[in-house]
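Read the structure below first, then the notes.
Derivation of every value follows stated rules applied to the coordinates shown; laboratory data play no part. Since this is a predicted model, take the numbers as computed values, not measurements. Cβ placement follows ideal geometry from the backbone for every residue including glycine, while neighbour counts extend to all protein chains displayed.
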Amino acid sequence: MNKIWLEEYFELYKNPLFDSSKLDDLIKLKNLLTKINNEGGKTIIIGNGGSAAIASHVAVDFSKNAKTRMINFNEADLITCLSNDYGYEEWMAKAIEIYADKNDAVILISSSGMSPNVVKAAKYSKEISLPVITFTGFDEQNSLKKEGDINFWVNSRAYNIVEMIHHIWLLGICDAIIGKAEYPAN
């Protein structure tokens, strides 16, 4: 690896990250999350692997810093219990069934947009009339994106690039709700 490789690598982030066609949907998401919170609802945010880690970080920042209630389901006991009883492909939908209220929204993150458990969670959320927001990458016609009401697709097939752009977009919405980028952590 050399400096040129790194320059070329970081260049891969620029086009998707600064895609101005996403701005209207980012504003729409900010307004939806604010409305849901103001009406006493919460946002459920879910993903697998790196996307689950993003969901955890984002849920804490929205809840603590933006005062916008957001939860995720990354507890090992919950995942293993529901997976054992209903199957891994069903655990997310089952968690939504257990924890969702009528005024909630669901954010689903999947780099490929093809994870069966995430797609089933989207379909279940739509069945119970919850707004579905998707964050995907890879193939633009992925299964998860087809289920979303608001979709954020990254034009890349590189996991780290897709995941980091999802992370930046989500935390950008958090800061937009707060109304500034710099604020104390307490």
- Among 47, 63, 100, flag the residue with its Cα farthest along the positive direction of the charge dipole of the range 1-100, charges on Cβ as +1 for Lys/Arg and -1 for Asp/Glu. 63
- Query: Top mean-square fluctuation among 135, 73, 18, Gaussian network model of the chain, C-alpha springs under 10 Å?
  - Reply: 18
- Note on the structure: For the range 1-43 the GluC sites (Glu not before Pro) that pass both the DSSP coil test and the at-most-16 other-Cβ-within-10 Å test are 39
- At 20 °C in a medium of viscosity 1.002 mPa s, the range 53-152 has a Stokes-Einstein diffusion coefficient, with Rh taken as the Kirkwood radius over alpha carbon pairs, in µm² per second, of 155
- Taking only C-alpha pairs under 8 Å that are 6+ residues apart, what is the relative contact order of the range 22-178 in percent? 24
- Query: So what is the 222 nm mean residue ellipticity for the chain from helices alone, if each DSSP H run of at least 4 adds -39500 (n - 2.57) and you divide by all residues, rounding to the nearest 500 deg cm²/dmol?
  - Reply: -17500 deg cm²/dmol
- Assigning unit charges at the beta carbon (Lys, Arg +1; Asp, Glu -1) and nothing else, what dipole magnitude in debye, to the nearest 20, does the chain show about its Cα centre? 380
- Note on the structure: FRET efficiency for residue 35 and residue 97 from the Cβ-Cβ distance with R0 = 22 Å, rounded to 0.05, comes out at 0.40
- So how strong a dipole does the range 1-68 carry about its Cα centre when Lys and Arg Cβ are +1 and Asp and Glu Cβ are -1, to the nearest 20 debye? 380
- At R0 = 30 Å the Cβ-Cβ FRET efficiency linking residue 11 and residue 182, nearest 0.05, sits at 0.65
- Task: Compute the label zone of residue 26 within the range 169-186: residues whose backbone N is under 19 Å from the point 7 Å along Cα-to-Cβ.
- Result: 169-183
- Item | Contour excess over end-to-end distance, with Cα ends at residue 18 and residue 84 and 0.36 nm allotted per residue | 19.6 nm
- Item | Matching label, mean projected area of the Cα convex hull in nm² computed from the structure shown, candidates (1) 10.1; (2) 23.5; (3) 11.6 | (3)
- Length released on extending from residue 56 to residue 158, taking residue separation times 0.36 nm less the Cα-Cα span: 34.6 nm
- Run through all the Cα pairs of the range 11-70 and give the fraction in each 10 Å bin from 0, expressed as whole percent. 21, 38, 36, 5, 0
